[in-house]
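Here the structure is laid out as structure tokens; the discussion comes afterwards.
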Ligand SMILES: *Cc1c(COP(=O)(O)O)cnc(C)c1O
């Protein structure tokens, strides 16, 4: 048995069967490449689902981990350490919000946002405002796997096995302004959006829908909450995807790329909303620890120093342009969309989506397919034009072979016919 076979056999006995992993054993990464136990190099255009923003083995991250792990790894939130205020300053400046709470993961940040919205609605009620406790979420939304997050996540397969879910959530048809207006009332304490849906298929809100959500929330004292866990921290070429719209939410959440591969999440809110929280109401043992904060600071500083927002915009535009050229040659690509390095090519069937991911893997390129038909690309921000060319050439070859294969099958069918 190979080492990979041994691990697969052991995992299949010992772990809960939550994942269908690709049969590769990765041992090391370098830049935008990741290397398996045989020494084979893979081009990573998924970066651990949008996490490894600076790729692998970035010197700024290595230095921060080495320095901080020697000094202090964990201290709890009972005491001060140097990192939280320093990181919170960077995040408040970049999100346009005023205050920050640190968590460990995306879903935990999102739970914090939901709790903050409920607490704020309670405060408003105590001050005489008529406002309820309901959340409006969107069709195809994804906010995480814990109870509150799962209850505000659209797909039934994520919620139904675990019912009853948290009550008080209603889903609005995606980008349907009339449906949003119809479902909004003073019963609603918050409207929950992703400026660009991630798991839902790299789908951007329309300006009109986003602006309507902002205006409706403001009209009653409800909150607009933007989940930037996937789209935020520079992936789209701006620090937050909502900044492309010129719309400011009351609360936002960050996680995936925040600490360059270490787990760290953050909830940010306005000074007004922060009034709802006082000591003891919310907390975490690990969140915002010295190590994760030190690395997040190093990631932000490296992004700034290397101009990676601008780079993400440029390479992302080039990527979309090349995908559009590809779509012009292959009818099976029905749409190309995204912003910066959050890019999608939608294909015309779920079978083709699966096939392309598998064929790319054979050619040692990592991508994935979300919402059945959406090929999703979330490369590290350090990706270069040449890597895009490699991926495009591989996609071209795969789709050409697929078309030839389909044509041969249907010609065979006619002969028999
Ligand atoms: C990944 C994701 C989450 C959940 O983050 P976890 O760290 O997996 O808990 C929430 N919202 C969005 C938009 C995400 O992409």
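The values are calculated or read from the model by the stated rules, or taken from the named source; none is laboratory data. Source: prediction; values computed, not measured. Quick reminder, even Gly has a Cβ in these numbers, built from the backbone with ideal geometry, and neighbours come from all protein chains shown.
Observations, loosely collected:
The rows are residues; the columns are (1) surrounded by 15 or more Cβ atoms within 10 Å (Cβ to Cβ); (2) at pLDDT 95 or above.
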residue: 7; (1), (2): yes, yes
residue: 12; (1), (2): no, yes
residue: 16; (1), (2): no, yes
residue: 20; (1), (2): no, no
residue: 27; (1), (2): no, yes
residue: 46; (1), (2): yes, yes
residue: 51; (1), (2): yes, yes
residue: 70; (1), (2): no, yes
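- For the range 110-141, the set of residues classified as more than 16 Å from the ligand (Cβ to nearest atom) and either touching a strand residue (DSSP E or B) at 6+ places or on another chain (Cβ under 7 Å) or in a strand (DSSP E or B) (or both) consists of 118, 120, 121, 131, 132, 133, 134, 136, listed by residue number.
- Residue check for residue 107: within 16 Å of the ligand (Cβ to nearest atom) and in the same structural domain as residue 250 (by TED's automatic domain parsing): yes
- Members of the range 326-359 found to be in a helix (DSSP H, G or I) and touching a residue at least 60 places away in the same chain (Cβ under 8 Å), listed by number: 326, 329
- If you filter the range 175-196 down to residues that are farther than 14 Å from residue 152 by Cα and within 16 Å of the ligand (Cβ to nearest atom), you find that the one that is surrounded by the most Cβ atoms within 10 Å (Cβ to Cβ) is 196.
- For the range 154-165, taking the residues that are touching a residue at least 12 places away in the same chain (Cβ under 8 Å) and surrounded by 15 or more Cβ atoms within 10 Å (Cβ to Cβ), the one that is nearest to residue 111 (Cα to Cα) is identified as 165.
- Matching residues, the range 154-174, being within 16 Å of the ligand (Cβ to nearest atom), in contact with a helix residue (DSSP H, G or I) (Cβ under 7 Å, 6 or more places away or on another chain) and not in a loop (DSSP other than H, G, I, E, B): 158, 159, 162, 169
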